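Note sheet for the following structure.
Derivation of every value follows stated rules applied to the coordinates shown; laboratory data play no part. Worth saying up front: this structure is predicted, and the values here are computed from it rather than measured. Cβ placement follows ideal geometry from the backbone for every residue including glycine, while neighbour counts extend to all protein chains displayed.
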Amino acid sequence: MSEIRRPPLEQETKQQFAGIMVLDRMIGSQDRIHASLMERDDKLLDDSLNILQDKGLVEIDNENFYIPTERGQKLYQTVLGQQMSYTTHFDIYSHVDLGEGVFANKLQHFLDDPRWEDLRVAVSEYKKVDPYRMVFLAMMSAGAFYENPDWKFDLSMGTLFDEMEEIVQSQILIDELAYEDEEGVISGGDVIVDIIEQGALLNKERYEAQAQQETEARAMQRYRDDDDDEVVVVHHGHPGGYYDPMATVGAYAASVVFVETMWHYPYW
């Protein structure tokens, strides 16, 4: 474990993350888990399944398989919404050149260049968002946990989130962003505010440009529709609801402390 620079990941939070991963396999990947836990690896999920069942998030159906309850489905929708919100509002801070004040464009820049600093944790802390939750959602969205073929074993042993905890602990602190110039000392708080403002405005410009491109593409599709049938536009969202990034981008760009309320929902 790296140096302890932030509060450690609490056991209750680990249990919540583990439960969400099990829900993700049930709903997102449609994995079926028999109540007998007849599959060897499924036995490793016993503790998480018991907690989910105690919380009313899963139940056993008439075929003796675990299935999510309505409450479990709603929790999963909240998690998916948080993942979309992360992509919309936090991902831009993953590669920042502090010297030049430049944000990486993932289609144009070499992201492994040491010039880039990852400020997502610092931004989340300034916005009063649990950095562990933010990093967990980012890693789960990228499939990072499932790349480990023994993820169920590590989950049962309580070690699956060790790497995530090390990531959070290793990230730059707000106070470490302070620097001194000819006018005096610029506090880390002032620096992070400036970074958040710049990133939010750039993100807003990118989303507005993307929205304009999508509008033009839909207009062109309608123009090409010789049959005059209704054109169905598929939005990038999540099951059970459409997440529209533009609905919150304006508020996000106007306030450095803006964060969608879904980030503060307790998982249980």
Original post:
Taking only C-alpha pairs under 8 Å that are 6+ residues apart, what is the relative contact order of the chain in percent?
Top reply: 21 percent
Original post:
Leaving out same-chain residues fewer than 8 places away, which lysines sit with a Cα under 19 Å from that of Lys74?
Top reply: Lys55
Original post:
Which lysines, on any chain, are close to Lys43 with Cα under 16 Å apart, when same-chain ones fewer than 8 places away are left out?
Top reply: Lys152
Subject >> Tensor-based shape of the stretch 1-118 (alpha-carbon gyration tensor, a/c under 1.5 rounded, otherwise prolate or oblate) >> reply: prolate
Subject >> Sorted by Cβ density within 10 Å, fewest first, the residues Glu59, Glu70 >> reply: Glu70, Glu59
Original post:
Ranked highest first by average number of other Cβ atoms within 10 Å, how do 254-265, 83-94 line up?
Top reply: 83-94, 254-265
Subject >> Percentage of interatomic Cα-Cα distances in the chain larger than 35 Å >> reply: 28 percent
Subject >> Whole-Hz couplings from phi, Karplus 6.51/-1.76/1.60, listed for the stretch 125-133; x for Gly and Pro >> reply: 5, 5, 8, 6, 9, 4, x, 5, 5
**OP:** State the antiparallel share, in %, of DSSP beta bridges confined to the chain, rounding to the nearest 5.
**Re:** 100 percent
**OP:** For Glu59, list long-range residues whose amide hydrogen, built 1.01 Å from N in the peptide plane, is under 5 Å from its own amide hydrogen.
**Re:** Ile67, Thr69
**OP:** Mind telling me which of Leu177, Leu107, Leu23 comes out most flexible in a GNM of the chain, alpha-carbon contacts under 10 Å?
**Re:** Leu107
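Hey, can you rank 130-139, 44-53 by average C-beta count inside 10 Å, highest first? Walk me through the numbers on the way to the answer.
Values: 130-139: 21.5, 44-53: 18.1.
Packing order, densest peptide first, comes out as 130-139, 44-53.
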**OP:** Kindly put Lys127, Lys152, Lys43 in sequence by how many other C-beta atoms sit within 10 Å of each C-beta, fewest to most.
**Re:** Lys43, Lys127, Lys152
**OP:** Step through the residues of the stretch 159-164 one at a time and calculate ³J(HN,Hα) from phi using the Karplus curve (6.51 cos²θ - 1.76 cosθ + 1.60, θ = phi - 60°), rounding each to whole Hz and writing x for Gly and Pro.
**Re:** 10, 4, 9, 4, 5, 4
Subject >> Sites Arg115 and Glu216 - FRET efficiency at Förster radius 30 Å, r taken between beta-carbons, to 0.05 >> reply: 0.30
Subject >> Pairwise label distance in nanometres, Glu176 with Met262, each label 7 Å out on the Cα-Cβ vector >> reply: 3.1 nm
